[in-house]
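A short reminder: the numbers here are calculations on the coordinates, not readings from a lab. Predicted model only: the values in this text are computed from it and were never measured. Cβ placement follows ideal geometry from the backbone for every residue including glycine, while neighbour counts extend to all protein chains displayed.
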Amino acid sequence: MATAAPIDLHYRVDGPSSAPVLVLSHALGLSMAMWDRQVAPLSREFRVVRYDHRGHGGSPVPERPYRIEDLGRDLLHMLDRLALERVSFCGLSLGGMVGLWLGANAPERVDRLVVCCTAARMPRPEDYAERAKVVRAKGMAAIADTVIGRWFTPAFQARQPDVVAGIKALLLATPVEGYAATCEALAAMDLRDDLPRIAASTLVIAGAEDKATPPEHAEEIAGRIPAAELVVIPETAHLANIEQPEAVTTRVLSHLRAPTQHTMPPPNEP
């Protein structure tokens, strides 16, 4: 089946026009707003491009089905619209999956890659197919509390209820069909065999208490990408950039500032 035509994504640019470009890509059910805490420190050194995936935030909601490849081609279309030939990329959860696809399938477009709290294959893909059915039948409110419970540690939920409430509001505002179709894309996704093709200098970040994409998935990603670095952030669950913003931002900046060491992927087997 041919991939769907790419769409024009909603995006925002911050930072000096002459600086190197960093693209930030958000999690399932959220929007570019999940990166608000990172924009100020990152945009002092980078031209920061944030965007909303298809079916999320301010982007269009095309008809299903969606695949990770479709989200990746939407991203490439946006880069072409902005005349950005080569960028660094940081994505969390769904955004990290799109980053893995991009690094494997358009390596010439990626300088440095950061993937946070993500997986190349979801732990229980059938759960996402079922979740799509639930939200189509009952709406986003039917899954919101369960999802939020997996995104943050109990300690953070008790300590920062206003922050958690803001993230829940973003989740509830996500279009039902956009969320459901993306869940189906996750159910079908398997990027594991693509990982050795990623040549960009790669940092893999895991949340030590992440139940949605546990640290062993980050270990698998780092083990399959040539010379990737793995960092586990303590006392954080799935949305590590929100629960531990300083720790995540520091790691991202350190990786982006370091000299790039490109690794050639192994040749294809005959």
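Read through the labelled values (1) 82, 46, 32; (2) 47, 45, 36; (3) 55, 49, 32 and report the label of the one computed as Cα extents along the principal axes in Å from the structure.
(2)
From the phi angles alone, apply the Karplus equation (6.51, -1.76, 1.60; θ = phi - 60°) to region 203-208 and give each ³J(HN,Hα) in whole Hz, x where the residue is Gly or Pro.
Values, residue by residue: 10, 10, 10, 10, x, 4 Hz.
If we count GluC sites (Glu not before Pro) as exposed when they sit in a DSSP loop and have at most 12 other beta carbons within 10 Å, what is the longest stretch of the chain that avoids them all?
So the longest stretch without any such site is 86-270.
Of all trypsin sites (Lys or Arg not before Pro) in region 47-141, which ones are in loop regions per DSSP and have a Cβ with at most 16 other Cβ atoms within 10 Å?
Arg86, Arg121
Amide H neighbours of Val110 under 5 Å, counting only residues 5+ apart in sequence or on other chains, H built in-plane at 1.01 Å?
Val87
Just the Cα atoms of region 1-57: what Rg and Dmax do they give in Å?
When restricted to the Cα atoms of region 1-57, Rg and Dmax are 12.9, 43 Å.
Report, in deg cm²/dmol and to the nearest 500, the calculated mean residue ellipticity at 222 nm for the chain, where each DSSP H run with n ≥ 4 adds -39500 (n - 2.57) and the sum is divided by the residue count.
Value at 222 nm, helices only: -13000 deg cm²/dmol.
With the dipole of the chain worked out from charges on the C-beta (+1 for Lys and Arg, -1 for Asp and Glu) around the Cα centre, which of His53, Ala169, Ala212 lies farthest toward the positive end?
Going by the Cα projections, it comes out as Ala169.
Based on the Kirkwood radius over alpha-carbon pairs, what is the Stokes-Einstein translational diffusion coefficient of region 71-208 at 4 °C with 1.567 mPa s viscosity, in µm²/s? Show your work: numbers first, answer last.
Working: Rh = 16.4 Å.
The Stokes-Einstein estimate is 79 µm²/s.
At 7 Å along the Cα-to-beta-carbon direction for both Asp36 and Arg150, put a label point, then send me their distance in nm to one decimal.
Computed distance between label sites Asp36 and Arg150 equals 2.5 nm.
If you build the Cα gyration tensor of region 9-125 and take the root of 5 times each eigenvalue, what three semi-axes come out, in whole angstrom, biggest first?
Details: eigenvalues 88, 45, 43 Å².
Value: 21, 15, 15 Å, ordered largest first.
To the nearest 20 debye, what charge dipole does the chain have about its Cα centre, counting +1 at the Cβ of each Lys and Arg and -1 at the Cβ of each Asp and Glu?
On the way: 28 positive and 33 negative charges, 78 e Å.
Here the chain has a charge dipole of around 380 debye.
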